[in-house]
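Accompanying notes for the structure given below.
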Amino acid sequence: MKIHEYQAKALMADRGIAVPKGRVAMTVDEAVAAVRPLIEDSGNPVVVVKSQIHAGGRGKGRFKEHPDVGGVNVVTDGISGGIEAAEERVRELATKMLGSTLVTIQTGEEGKEVNRLYIEQGIDIATELYLSVLLDRATSRNIVMASTEGGTEIEVVAAETPEKILKVEIDPAFGLLPFQARRIAYDLGFEGAAFKNGVKFLDALTKAAVELDTDLVEINPLVITTDGDVMALDGKMAFDANALFRHPDVAALRDVTEEDAAELEAKEFDLSFIKLDGEIGCMVNGAGLAMATMDIIKTVGGEPANFLDVGGGAEKEQIAAAFKIITKDPNVKGIFVNIFGGIMRCDIIAEGVIAAVEEVGLSVPLVVRLEGTNVELGKQLLDESGLDLVSATDMKDGAQKILELTR
Amino acid sequence: MSVLVGKDTKVLVQGMGKTGRFHTDKAIAYGTNMVGAVHPSRAGQVEVFEGETDHSGVDGREDTYRVEVPIFRTVEEAVAATGADASVVYVPPPFAADAIMEAADAGVPLIICVTEGIPIADMVKAKRYLEDKNVRLVGPNCPGVITPKQCKIGIMPGYIHTPGKIGVVSRSGTLTYEAVHQLTLNGLGQTTAIGIGGDPVNGTNFVDALTAFNDDPATEGVLMIGEIGGTAEEDAAAWITANMTKPVAAFIAGTTAPAGKRMGHAGAIISGGKGTAAAKIEALEAAGVVMAPTPTDMGTAMMEAMAK
């Protein structure tokens, strides 16, 4: 699960990780009201207005409605014009940003509507670095990944200058040991007060990652200020969805407006669903088979409209819900149901399909491939239902048939 | 011959809830020797299983069965009383890693965890705990392990399997069924089928399974089924090049999966350009593995690999 930058920074601040002071704003007035206390408190006349969306690349992003405005804006009007000038500029920016669509390299062309802004104090930056804590699947342990190349996407650094990435393994029995933190700080070039602050930052950050069950904590850039402070200038956190049951406070930070409506609806029925851009809807049991079904549609020349795994123990109601979610997508020109019944019985699938079609109707061709437990009974139920569907003998046959019917 | 499990394997169940009971019953019907269960609050009781024998399983049994499975407080007590040498975990996700560690502490040499949805941090800890212990973990989030006509541990349908020459190892449940079914239809059959699970942190990996099959005299070839995410398939390709003496065929799911999205399995995600199907297919092909272009072709690809 992803959260917004301002939420991640609040979680960090609570755990002793240094972050700039800031205030979230849902309205233009709230944005303007944030300026005075921030400037008076920090003594720095500069503030930053940051779009809050669940996608990266905001700094280089542009608004569709206002191509002259970026996703992140540094307001320097306060330096010569005082607080009022800063407030005026923030009002102007917030008016354009709120409710507008931000397009970044991660949002795709359609962009994302900005409904929250984060107004932050300006920071006098001496050095920008990169720091993250994430799972290394090869060793089944968390690692600290650090680099002197702050502000650049780590994937780019990894591709171009991999020698500049430092990785340190965290033993789950001990956590990040002090000598490991010192070594990272030395390697990143921390000195004096910044060294002490950097070691403290690393200790607090790795502890927070474990305590909060994060999939990823990424600080890019991590900055050393001209005063030797070490701070998270940006902060990204993603959480292990399987561990949210022990973090109700984190679960409450979910912003459903950032998520796909159909994917959310699917979640309510314990279905695993991902929307894609193609025309052939798929309903499959098992994640691997669901992926392979998308692949085979592509192999025969079609485009899958979705990934949908109804799971190993789906009931009739879930099958019906899955069917409804697929048919809601206006791009869907045909549906391919591909089931290998193990625990899931083919007759249950058949009953679910019949019930769903009776309830929502069927305006597109339907191809069903059933195999496995109770397959004969399942086929018989479908035959007797009088539904207008085509049976397939195997996956490839099914994929070819649905493609022909949608062409 | 077979790997991991056979007709003499004595199996414990950890987690005798609705799911655990259902699959224990199916395993007994197949002929698996289920010797005990662990449930802290129901110790001393006996769970009774009765029904019609699944004749696709172990041969030479009556048409009906009645088996009493004793319940113990701890794995340690269960092992002491039954001599169990395998355990299957159906414990719910928040407590499953603890169940794995308890079984490891009791010295159960084979622990098969079916549970899906265990927090990653719990599995990181559990793997650390298992490091210096001589036990093998299969899973979590896997269908289990089956040696046809001998022993079925897990949630796979027994009847699609048939004894034969091919070792099957897979990250996906239903794709394993698909593969096994094809190997049954084309007459190759299976020695053992191992589901290693779809989680990013798991016990047995492809290399472990390939090693076991390579050493098993009855196994003549291996069919492996991978998917996007991580580099386990690339590691397997390197191992095959260096060590494998038997033919290998493979299928990789997720060629069309978009980057950054978890495709159902917690471990099935392309992140930072790593873990793509294309990279895995390329590595396996370079290792001389016969790739099935679609899942319908897995059985044929295995035939082709055997004929080479």
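Only residues that are under 10 Å from the mean Cα position of the chain (by Cα) and more than 10 Å from every other protein chain (Cβ to nearest Cβ) were counted in region B:155-186, giving 2.
Scanning region B:210-239 for residues that are within 14 Å of chain A (Cβ to nearest Cβ), assigned to a loop (DSSP other than H, G, I, E, B) and either over 22 Å from B:Glu178 (Cα atoms) or among the basic types (Lys, Arg) (or both) turns up B:Gly230, B:Thr231. Checked across region A:142-150, the condition of being within 14 Å of another protein chain (Cβ to nearest Cβ) and not in a strand (DSSP E or B) holds for no residue. Residue count for region A:273-285 under the criterion of being touching a strand residue (DSSP E or B) at 6+ places or on another chain (Cβ under 6 Å) and touching a residue at least 40 places away in the same chain (Cβ under 8 Å): the result is 9. Here A:Val35 passes the criteria (1) at positive phi; (2) not in a loop (DSSP other than H, G, I, E, B) except the one numbered (1). When B:Ala242, B:Ala257 are screened for being free of Cβ contacts under 8 Å to residues at least 60 places away in the same chain, hydrophobic (A, V, I, L, M, F, W, C) and facing another protein chain (nearest Cβ under 8 Å), only B:Ala257 passes. Within the option set B:Pro140, B:Pro148, being within 20 Å of B:Pro200 (Cβ to Cβ) and under 15 Å from the mean Cα position of the chain (by Cα) holds for one residue only, B:Pro140.
Condition (residue is more than 19 Å from A:Leu387 (Cα to Cα), away from chain B (no Cβ under 14 Å), of a type in the set (A, V, I, L, M) and surrounded by 20 or more Cβ atoms within 10 Å (Cβ to Cβ)) applied to region A:305-325: is it met by at least one residue? Within region A:305-325 (the criterion being more than 19 Å from A:Leu387 (Cα to Cα), away from chain B (no Cβ under 14 Å), of a type in the set (A, V, I, L, M) and surrounded by 20 or more Cβ atoms within 10 Å (Cβ to Cβ)), the answer is yes, since at least one residue qualifies. In region B:262-307, how many residues are more than 11 Å from chain A (Cβ to nearest Cβ), in contact with a strand residue (DSSP E or B) (Cβ under 7 Å, 6 or more places away or on another chain) and part of a loop (DSSP other than H, G, I, E, B)? Number satisfying all stated conditions: 1. Here B:Lys125 clears all of (1) within 11 Å of chain A (Cβ to nearest Cβ); (2) modelled with pLDDT of 95 or more; (3) buried (at least 24 other Cβ atoms within 10 Å of the Cβ) except the condition numbered (3).
Just to be sure, is B:Asp54 under 23 Å from B:Val207 (Cα atoms), within 14 Å of another protein chain (Cβ to nearest Cβ) and either in contact (Cβ under 8 Å) with a residue 60 or more places away in the chain or not in a helix (DSSP H, G or I) (or both)? No: the conditions fail for B:Asp54. Against the conditions (1) among the β-branched types (Val, Ile, Thr); (2) buried (at least 18 other Cβ atoms within 10 Å of the Cβ); (3) free of Cβ contacts under 8 Å to residues at least 40 places away in the same chain, A:Ile165 satisfies every one except (2).
The residues in region A:232-265 that are within 11 Å of chain B (Cβ to nearest Cβ), touching a residue at least 12 places away in the same chain (Cβ under 8 Å) and of a type outside the set (Phe, Trp, Tyr) can be counted, and the count is 9. Remark: pairs (first residue in region B:92-109, within 14 Å of another protein chain (Cβ to nearest Cβ); second residue aromatic (Phe, Trp, Tyr) and assigned to a helix (DSSP H, G or I); Cβ separation under 6 Å; 6+ apart in sequence or on different chains) = B:Met101/B:Tyr129.
Kindly indicate which of A:Ile219, A:Ile224 is modelled with pLDDT of 95 or more, within 10 Å of A:Ala8 (Cβ to Cβ) and not in a helix (DSSP H, G or I).
A:Ile219
The C-beta contact set for region B:68-84 (first residue free of Cβ contacts under 8 Å to residues at least 40 places away in the same chain and closer than 12 Å to B:Val35 by Cβ, second residue exposed (fewer than 14 other Cβ atoms within 10 Å of the Cβ) and of a type in the set (A, V, I, L, M, F, W, C), distance under 9 angstrom, 6+ apart or interchain) comprises B:Glu68/B:Val46; B:Glu68/B:Val48; B:Pro70/B:Val46; B:Pro70/B:Ala81; B:Phe72/B:Ala80; B:Phe72/B:Ala81. Exactly one residue among A:Ile335, A:Ile349, A:Ile280 is of a type in the set (A, V, I, L, M), touching a Leu at 6+ places or on another chain (Cβ under 8 Å) and more than 14 Å from chain B (Cβ to nearest Cβ), and that residue is A:Ile335.
The values are calculated or read from the model by the stated rules, or taken from the named source; none is laboratory data. Because the structure is predicted, anything quoted here is derived from the model rather than measured. All Cβ positions, glycine included, derive from the backbone under ideal geometry; neighbour counts span all protein chains shown.
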